[in-house]
Amino acid sequence: MKRAMAILGGAVLLALPFFGFAGDYYVNLSSQILIAAIWALSLNLLVGYCGLTSLGHAVYLGIAAYLVGWMTSVMGMGHLTTALLALAITTVLACVFGLIALRASGLGFLMITLAIGQIFWGMAYRWVSLTGGDNGMTGLTRPAPFGVKLTAPVHFYGFTLAVFLCAFGLIALLVRSPLGSCMRGTRDQPRRMCALGHNVWLVRWTAFVLAGFWGAVAGLLFVYYHNYISPHVLSLTNSAEVLLMVISGGAGTLFGPILGAALVLVLKNVVSAYIERWLMLLGVVFVMIVIFMPDGLVPGIRQWWVGRRATAKPQRGGE
Amino acid sequence: MNFWLIQSLNSMALGGLFFLLSAGFSLIFGLMRIANLSHGAYFMFGAYVGLTVLRAKGSFVLAIVAGAAAVVVLGGIIERFILRRLSGRVLAQVLVTLGIAFIISDACLLIWTGDPIPLPIPQALRGTVRIGVVAFPIYRIAVVGLALLVAGGLWMLMEKTRIGAMIRAGVDDMQMARGLGISVSKLFTAVFCLGAALAGAGGVLGGPILSVYPGLDTDMLPLALVVVILGGAGSLVGAFVGSFVIGFVYTFGQALLPDLTYMILFIPMVIVLALRPRGLFGRILT
Amino acid sequence: MKSQTRSYSWLVACLLLVALLMPTMASAQSEPIRLGFLTIKSGALAAGGRQMEEGLNLFLKERNFTLVGRKVELITADTAGQPAMTKNKTQELVERNKVHVIIGPLAAFEALAIDAYILQSQTPIISPSAAAEDMTQRKVNPYFVRAVGTSAQPHHPLGEYTAKDLKYKRVATIADDFAFGHEITSGFQRTFEENGGKIVQKLWSPLNVADYGSYIGQIKTDVDAVFAAFAGANGLRFLKQYNEYGLKDRIPVLGAMTTTDEGILKNMGDEAMGVISAGWYTAMIKSPANERFVKAVNKEYGADPGYYTMGAYNAGLFLEQALKAVNGKIEDKKAFMAALKRTHLKEGPMGEIILDEYGNPILNIYIRKVERVDGKLVNSVLKVYPKVSQFWTYNPKEFLAAPVYTRDYPPARNLE
């Protein structure tokens, strides 16, 4: 019963934008939240399920976005080809980066990912003939899958929603699979996993590559949405932002990154219209989360709910 | 010859500056295993406070003390009430220190507005001195001297004093240290405050070269991270050597290979970490 | 039990999201002119954003927030200097606030990020600062009008002035390594070399470089001058360090318009003295309109107006003139846009301004020198080049057929 209610609630929420509920602005915001959610979910594979904190995750979003932008505008290639190529190339790069980054762990891993991110940011910034430098690439187009044009916000939202549900479904499957359990094992007890015969490095590397792949998917949606790409997308600030989305929402949970993405985007875009010092507010929200829900919003809400039900009167039943 | 001489001097000065920037971070991370990502914000806040005091009272020394003190108070409160409960929880530490960094940097923007302000060099250290055929600013040489002083002082503290021994004991084996009657929590707060003081003082000392402007924190934090990790987290010697190595790499790198300016720090870092994950001098932290 | 609590937490999360996304009451179709203002209020560029806000607020305050008999409602949006947020804020202004016209944004990449959306939503936009050259050159947006010049516009005459009037022969350039710095340097280089000068060295420093020491150490000592093109805090930092190395007395510095902009000049000291630069504005322009303007800005904000303050104020003047031409009927987009493109300000703080057919102003360029007047550092006027267009004296068609100014175009053939 409760699961059905939850699914219904989720479906209603996701379907809201279709009803012209609040105007194009909110439909567009919803698209952006879903794109950020996919991005955060991809990072969560590394941070939440494998315990590897990365400060360079913007690199997959950025590289995939730039590849699509360059291939469509400069090389004039079609959208399907460029999307597949961009995903493939970014995933291969993720394989290579994984080989380098996993030589270290903890802060060393963090720094390698940070460094890789900064290297690519520098390349995007400096290689003006290829990337347009800090002016970026303008005039990028959206694909038209099965002939459906995505220019209208509602159509684009539908497309993004479809991709999001796919991504979410596949990531959920992964997380509940034996590989997912292995990932959690390497996070909690790497030595025991080794002793049990698991190849800890391989598990981590696989998670790294998958995180890169889904990050690239988010990158494609990102460039389609904005019709513009610039080096800001690869900046350290951006990598930090997605990490904050994951942690604040609840690393290691399925819904945490989604909630975290919504929190950050709503605060940045909606709240900032009413509160001038929204950046300070964002910081305060993060600090509050750490004080009251140190594991993130989703685990915190869950604990609060359990706590409430534990103290609820015994007569209340059959909800 | 000219080129090599002046760039070597620049490298040394930059190294000294980097050490003043990162000493606090290295201390806190090395001893308490807390990656204090608010470090850049502490540095900037100290610089702003020092600037205000300098304008009001005219004394550079007082400005350094004020900058350090302001950050100590801030850091002490944060450590005591927030960070202490998060030992071992890396993700929560990342979230809270970044959140605090946002708060501090936005507060600085609110209080001091966004205009960039140079910190005037103290009268005694103005001007240039002739080294060989080049004229080099005296203040930058002073920065190198200060870095040596700070490094020396920290080393003396850690190696030659009783408190230093207690801190090292607390770091190596917290339970045993507690068993011996050492108040580890109080020591850790003291260490955090010392790291914060170094950050604040570093901001004031670096002010005449860097100036103070919004965005100073996000510009400086990656540099501090690079220095500490490359030199080896947990090692003060590592941070010291790392600072000067980075100073040289950065200065000569962007002069000789201008196309790689943006990556000149990060390419060597990736190489070093890939080959030697604990950094040049780091201990393997269990 | 576990699955129940999991689904409850999901439900609560959903409800939270709905509550957060609940739209505010849409404003009914009402009388005031809704003016959207894109500026930067957080992050490194916040100082410029604040100065823009001051300029626009002064403009509106002077007119009691009423233009051509209609009330003006100003809606300010903070883009934080990020392209994604700029786009969101623009959409918010257009879709949620239903603005009639936008003044902004500050940075070139922000303008480029919203280029497609402005075209699609047909929103008139007056830029008080964003200098992305191609938006009024090769990739003209019919809804985009600039209230200030392009990056290279003041530096074409400066190059000529440096070669002909100052008679310098060898110059080294150092600039912020981003499009603004590239375009400025290219403009200067082109006219300087055409008039017999040689650019013997070109240095590019990253926007967030920690220290200029290693760059100063690279500057050739046998040049006649150094052309330093910096924006924001960097001009202040560079000049200070340049002075500390003792170079200021040996090699004079030429500046870009933003290097010694009034916005940061007030925080500089002797290190800025004598720097010659060029720009479309200086607080020292001797005209009744400007003297009134400078006095008003000083009264409100305690400092001289600079690049950002002037830009936003000028954007306001453009808006006012266009509104007068359509009798306040800003809802008639076509007529309003046509009027905006015909802007001809006969007098204002910047002097006479006429918009060219690409949406860019033809205006006076002032060669300025930093001097101390009554104890305050100012940009005194040395010479005026009247009616300078973004194409300088070149044929626009030829100019546009050539590539846009970048780090490598025009190519530097005299580097040593």
task: Test A:M123 against the criterion of being closer than 20 Å to A:Y228 by Cα and modelled with pLDDT of 90 or more, and give yes or no.
output: yes
field: Which numbered condition B:R33 fails, given (1) more than 14 Å from chain C (Cβ to nearest Cβ); (2) more than 27 Å from B:A124 (Cα to Cα); (3) free of Cβ contacts under 8 Å to residues at least 24 places away in the same chain
entry: (3)
task: Scan segment A:137-163 for residues that are touching a Leu at 6+ places or on another chain (Cβ under 6 Å) and within 14 Å of chain C (Cβ to nearest Cβ) and jot them down.
output: A:T138, A:R142, A:F156
message: Restricting to segment C:380-397, count the residues that are in contact with a Leu (Cβ under 8 Å, 6 or more places away or on another chain) and closer than 17 Å to C:T162 by Cα.
response: 1
- line: Subset of segment C:278-301, residues farther than 15 Å from C:E53 by Cβ and either among the charged types (D, E, K, R) or in a loop (DSSP other than H, G, I, E, B) (or both), comes to C:W280, C:Y281, C:T282, C:A283, C:M284, C:I285, C:K286, C:S287, C:E291, C:R292, C:K295, C:K299
message: Suppose we keep only residues that are charged (D, E, K, R) and either outside the structural domain of C:A210 (by TED's automatic domain parsing) or out of contact with any strand residue (DSSP E or B) (no Cβ under 7 Å at 6 or more places or on another chain) (or both) within segment C:223-242. Which one would you say is farthest from C:A46 (Cα to Cα)?
response: C:K240
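The rows are residues; the columns are (1) at pLDDT below 90; (2) of a type outside the set (V, I, T); (3) within 20 Å of the chain's Cα centre (by Cα).
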{"site": "B:L31", "(1), (2), (3)": "yes, yes, yes"}
{"site": "B:I34", "(1), (2), (3)": "yes, no, yes"}
{"site": "B:Y42", "(1), (2), (3)": "no, yes, yes"}
{"site": "B:V53", "(1), (2), (3)": "no, no, no"}
{"site": "B:A68", "(1), (2), (3)": "no, yes, yes"}
{"site": "B:I77", "(1), (2), (3)": "no, no, yes"}
{"site": "B:R84", "(1), (2), (3)": "yes, yes, no"}
{"site": "B:L95", "(1), (2), (3)": "no, yes, no"}
- request: From the list C:K387, C:K329, pick out the single residue that is among the basic types (K, R), part of a loop (DSSP other than H, G, I, E, B), surrounded by fewer than 20 Cβ atoms within 10 Å (Cβ to Cβ) and without any contact (Cβ under 8 Å) to a residue 60 or more places away in the chain.
  value: C:K329
- prompt: Just for strands (runs of 3 or more DSSP E) wholly inside segment C:118-193: which have at least 2 residues that are more than 24 Å from C:A312 (Cα to Cα) and among the β-branched types (V, I, T)?
  reply: C:170-176
query: Can you spot a residue in segment C:141-157 that is at pLDDT 90 or above, surrounded by fewer than 24 Cβ atoms within 10 Å (Cβ to Cβ) and of a type in the set (D, E, K, R)?
result: no
message: Among the residues in segment B:123-133, are any away from chain A (no Cβ under 14 Å), in contact (Cβ under 8 Å) with a residue 60 or more places away in the chain, in a loop (DSSP other than H, G, I, E, B) and over 20 Å from the mean Cα position of the chain (by Cα)?
response: yes
- prompt: Are any residues in segment B:43-84 in contact (Cβ under 8 Å) with a residue 40 or more places away in the chain and either within 14 Å of chain A (Cβ to nearest Cβ) or touching a His at 6+ places or on another chain (Cβ under 7 Å) (or both), and if so, which ones?
  reply: B:F45, B:L74, B:I78, B:E79, B:R80, B:L83, B:R84
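Based on what the data block shows, is B:A68 farther than 20 Å from B:G114 by Cα and small (G, A, S)? Can you show your working first?
Working: farther than 20 Å from B:G114 by Cα: yes; small (G, A, S): yes.
Taking the combined requirement at face value, the residue satisfies it.
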query: Among the residues of segment C:209-252, how many are within 24 Å of B:L17 (Cβ to Cβ), outside any helix (DSSP H, G or I) and without any contact (Cβ under 8 Å) to a residue 40 or more places away in the chain?
result: 10
- prompt: Any idea which of (1) within 19 Å of C:S277 (Cβ to Cβ); (2) crowded, with 24+ Cβ neighbours inside 10 Å; (3) not hydroxyl-bearing (S, T, Y) is the one C:A179 doesn't satisfy?
  reply: (1)
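Among the listed residues B:G247, B:G207, B:G231, B:G202, which satisfies the condition of being buried (at least 24 other Cβ atoms within 10 Å of the Cβ) and modelled with pLDDT under 90?
Details: B:G247 fails: modelled with pLDDT under 90; B:G207 fails: modelled with pLDDT under 90; B:G202 fails: modelled with pLDDT under 90.
B:G231 is the lone residue from the list that is buried (at least 24 other Cβ atoms within 10 Å of the Cβ) and modelled with pLDDT under 90.
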- prompt: Has segment A:75-90 got at least one residue that is under 21 Å from the mean Cα position of the chain (by Cα), within 14 Å of another protein chain (Cβ to nearest Cβ) and crowded, with 22+ Cβ neighbours inside 10 Å?
  reply: no
Residue ranges of helices (runs of 4 or more DSSP H) in segment A:218-319 with at least 3 members away from chain B (no Cβ under 14 Å), surrounded by fewer than 20 Cβ atoms within 10 Å (Cβ to Cβ) and modelled with pLDDT under 90: A:297-311
field: Condition check for B:I103: aliphatic (A, V, I, L, M), over 15 Å from B:A201 (Cβ atoms), within 21 Å of the chain's Cα centre (by Cα) and within 14 Å of chain A (Cβ to nearest Cβ)
entry: yes
task: Collect the residues in segment B:209-229 that are over 30 Å from B:R278 (Cβ atoms) and more than 7 Å from chain C (Cβ to nearest Cβ), keeping them in residue-number order.
output: B:V212
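Would you be able to say whether some residue in segment C:337-347 is modelled with pLDDT under 90, farther than 27 Å from C:F227 by Cα and not in a strand (DSSP E or B)? Break it down into steps so the answer makes sense when it comes.
First, the residues of segment C:337-347 that are modelled with pLDDT under 90: C:347.
So of that shortlist, the ones also farther than 27 Å from C:F227 by Cα come out as C:347.
Add one more test, that the residue is not in a strand (DSSP E or B), and what stays is C:347.
Yes: one or more hits.
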message: Looking at segment B:180-191, can you tell me whether even one residue there is surrounded by 15 or more Cβ atoms within 10 Å (Cβ to Cβ), more than 22 Å from the chain's Cα centre (by Cα) and β-branched (V, I, T)?
response: yes
task: Name every residue in segment A:99-118 that is more than 21 Å from the chain's Cα centre (by Cα) and in a helix (DSSP H, G or I), in order of residue number.
output: A:L99, A:I100, A:L107, A:G108
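Conditions (1) farther than 28 Å from B:V134 by Cβ; (2) aromatic (F, W, Y); (3) in a helix (DSSP H, G or I), marked per residue:
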position: B:W4; (1), (2), (3): no, yes, yes
position: B:L21; (1), (2), (3): no, no, yes
position: B:N36; (1), (2), (3): yes, no, no
position: B:A68; (1), (2), (3): yes, no, yes
Single match in A:S181, A:S129 (criterion: within 13 Å of another protein chain (Cβ to nearest Cβ), without any contact (Cβ under 8 Å) to a residue 40 or more places away in the chain, surrounded by fewer than 20 Cβ atoms within 10 Å (Cβ to Cβ) and part of a helix (DSSP H, G or I)): A:S129
- prompt: What residue, among those in segment C:25-46 that are modelled with pLDDT under 90 and surrounded by fewer than 21 Cβ atoms within 10 Å (Cβ to Cβ), is nearest to the other protein chains (Cβ to nearest Cβ)?
  reply: C:A26
- line: Going through (1) more than 7 Å from every other protein chain (Cβ to nearest Cβ); (2) crowded, with 23+ Cβ neighbours inside 10 Å; (3) under 21 Å from B:A13 (Cα atoms) one by one, B:G253 fails only at (2)
message: I'd like the residue in segment C:246-267 that is at the interface with chain B (Cβ under 9 Å from one of its Cβ atoms) and buried (at least 22 other Cβ atoms within 10 Å of the Cβ) and, out of all such residues, is farthest from B:R126 (Cα to Cα).
response: C:G263
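The values are calculated or read from the model by the stated rules, or taken from the named source; none is laboratory data. Because the structure is predicted, anything quoted here is derived from the model rather than measured. Cβ sites come from the backbone with ideal geometry, for glycine too, and all protein chains shown count toward neighbours.
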